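The values are calculated or read from the model by the stated rules, or taken from the named source; none is laboratory data. This is a predicted model, so every value here is computed, not measured. FYI the Cβ positions are ideal-geometry reconstructions off the backbone, even for glycines, and counts take in every protein chain you see.
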Amino acid sequence: MVEMILQVEQFFLDLFFPRRCVVCRNSGAWLCVDCSKKQSERFLFEPIGSEVYGLFAHEDSAARELLYGLKYGGLYESAEVLMDVLHLACSAEDLLRALQCSKDPVVVPVPVSYSRLKSRGYNQAELLARVFARWAGLPMNTQILHRRAGKTLVGQGRRLRQRAAQTAFYIGDDYVVEKNSEYILIDDVVTTGSTLKTCRKILLDAGAARVVGVAFAYKHRFGG
């Protein structure tokens, strides 16, 4: 139902605001063939702390503009476009091997609070997780992790983000983490890494065998 609503909204966006490449501004697609190829060549798979990885640098114009459009501009197709770029950069098998996934992990998006979900209408990390899970042929679960309402972490320093993240997330009462389970956490952008590291610790403390965090973009100037 959610996907159908997004498709209808995207139809009207396309009707009144035709697609243009977010980098070179050529018409026809949110990221043209040439810019897609250039962005795929910037795939770095950079480790950010323990078991947390960034796929592209946020400083790259294509990744930055697509994620900004997804998060703040209602550009739902950005998730699919970024997934196409990732597909150009590597295969799902190679990425899962690089993540050292030994069994079929469950893909889990970093949650947003109910108030943020209500105001924005969607969770950008969930849209990314959905296309990632489909691409990798993995199951996805959106009911494991939840987020309490609170102030946004955008723009806050490392210490404030770490402190806020420690109390922001929790596991739903109706979900039991199996002792031998494995998870891949998906987020859009990593700054200090506090969000992914905290979510990872919560799942490990609940009994998960292994949890890795993956952000589609990371900001170097925050030092991971």
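Looking only at residues of segment 133-147 that are in a loop (DSSP other than H, G, I, E, B) and of a type outside the set (Val, Ile, Thr), we find that the one that is farthest from residue 95 (Cα to Cα) is 143.
When segment 176-196 is limited to residues that are closer than 28 Å to residue 75 by Cβ and either in a strand (DSSP E or B) or of a type in the set (D, E, K, R) (or both), the one that is farthest from the chain's Cα centre (by Cα) turns out to be 183. On inspection, residue 119 does not qualify as polar (S, T, N, Q), modelled with pLDDT of 95 or more and assigned to a helix (DSSP H, G or I). Restricting the first member to segment 19-32 and to residues that are without any contact (Cβ under 8 Å) to a residue 24 or more places away in the chain and part of a loop (DSSP other than H, G, I, E, B), and the second to residues that are among the acidic types (Asp, Glu) and loosely packed, with under 14 Cβ neighbours inside 10 Å, the beta-carbon pairs closer than 9 Å and six or more apart or on different chains are 21/34; 24/34; 26/34. Set side by side, the residues 86, 44, 66, 55 differ, and just one is touching a strand residue (DSSP E or B) at 6+ places or on another chain (Cβ under 8 Å), part of a helix (DSSP H, G or I) and either of a type outside the set (Gly, Ala, Ser) or within 30 Å of residue 208 (Cα to Cα) (or both), which is 86. If you filter segment 185-222 down to residues that are small (Gly, Ala, Ser) and free of Cβ contacts under 8 Å to residues at least 40 places away in the same chain, you find that the one that is nearest to residue 167 (Cα to Cα) is 206. Report whether or not residue 90 is under 19 Å from residue 145 (Cβ atoms) and out of contact with any Leu (no Cβ under 6 Å at 6 or more places or on another chain). No. With respect to being under 18 Å from residue 80 (Cβ atoms), at pLDDT 90 or above, touching a Phe, Trp or Tyr at 6+ places or on another chain (Cβ under 8 Å) and not polar (S, T, N, Q), residue 31 falls outside the description.
Looking across segment 76-90, the residues that are buried (at least 20 other Cβ atoms within 10 Å of the Cβ) and not aliphatic (A, V, I, L, M) come down to 76, 77, 78. One residue stands out among those in segment 171-222 that are out of contact with any helix residue (DSSP H, G or I) (no Cβ under 6 Å at 6 or more places or on another chain) and hydroxyl-bearing (Ser, Thr, Tyr): the one that is farthest from residue 62 (Cα to Cα), which is 175. Candidates are the residues of segment 89-116 that are part of a loop (DSSP other than H, G, I, E, B) and among the small types (Gly, Ala, Ser); the one that is nearest to the chain's Cα centre (by Cα) is 113. Within segment 46-72, residues that are polar (S, T, N, Q) sit with their Cβ atoms under 9 Å from residues that are part of a loop (DSSP other than H, G, I, E, B), at 6+ positions apart or across chains, in these pairs: 61/22; 61/23.
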